[in-house]
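Peer 1: A single structure is presented below for examination.
The values are calculated or read from the model by the stated rules, or taken from the named source; none is laboratory data. Not measured: the values here are computed from a predicted model. Every residue, glycine as well, gets a Cβ built from its backbone with ideal geometry; the counts of neighbours run over all protein chains shown.
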């Protein structure tokens, strides 16, 4: 401490005190040393926090990539299952139509062969094929839209003609020109109808 300077400080009452004045270099070095310890701790804390956040971000990024891959796989699997289901339903429907095709083929072969048959036999055969068709399609959810004695409903009917009929109420269906169908609650073809209009 040879370089330290002693300073005598006095006040108005005559009291004095002796203090040691450090060299400016020593003062700066002491402050720097104190600041360096605090800064080092702060830097260490921030570095640790950055590393923690990086690890957390990396983990969340990995999780996001896994979730995205899982979703893509789910979407592909669902699309494949839908295709397979549609194919299965289509095959079942076609299988139910095969007896109809067989009966039509037998009827055609009988007519072409010139076997003995009358018109009534042909009519009965065609009616049986129609009934089998209705049953096969009904098995798959197809239902006819009823029009007899009904009022016109644009949700189920398509008016293609209007006729006057004083015996029937306006808006009543006078005749069905083409049958409409519903499949599992949805109209797939509206009935084409003649509607009463007495105005």
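Peer 1: For the range 182-196, which positions are buried (at least 17 other Cβ atoms within 10 Å of the Cβ) and free of Cβ contacts under 8 Å to residues at least 40 places away in the same chain?
Peer 2: 192, 194, 196
Peer 1: With 45, 31 as the choices, which residue is at pLDDT below 85 and assigned to a helix (DSSP H, G or I)?
Peer 2: Testing whether each residue is at pLDDT below 85 and assigned to a helix (DSSP H, G or I) leaves just 31.
Peer 1: If you don't mind, there's one more thing I want to ask. Can you confirm whether the range 136-151 contains a residue that is over 30 Å from residue 101 (Cα atoms) and surrounded by 12 or more Cβ atoms within 10 Å (Cβ to Cβ)?
Peer 2: yes
Peer 1: With respect to residue 122, determine if the residue is under 18 Å from residue 179 (Cα atoms) and either surrounded by 13 or more Cβ atoms within 10 Å (Cβ to Cβ) or out of contact with any strand residue (DSSP E or B) (no Cβ under 7 Å at 6 or more places or on another chain) (or both).
Peer 2: Considered against the rule, which asks whether it is under 18 Å from residue 179 (Cα atoms) and either surrounded by 13 or more Cβ atoms within 10 Å (Cβ to Cβ) or out of contact with any strand residue (DSSP E or B) (no Cβ under 7 Å at 6 or more places or on another chain) (or both), residue 122 comes out as no.
Peer 1: OK, next. Got at least one residue in the range 139-150 being within 38 Å of the chain's Cα centre (by Cα) and part of a helix (DSSP H, G or I)?
Peer 2: So far as the range 139-150 goes, yes, one or more of its residues are within 38 Å of the chain's Cα centre (by Cα) and part of a helix (DSSP H, G or I).
Peer 1: Just a yes or no: is a residue in the range 108-123 touching a helix residue (DSSP H, G or I) at 6+ places or on another chain (Cβ under 8 Å), at pLDDT below 90 and not in a loop (DSSP other than H, G, I, E, B)?
Peer 2: Taking every residue of the range 108-123 in turn, at least one turns out to be touching a helix residue (DSSP H, G or I) at 6+ places or on another chain (Cβ under 8 Å), at pLDDT below 90 and not in a loop (DSSP other than H, G, I, E, B).
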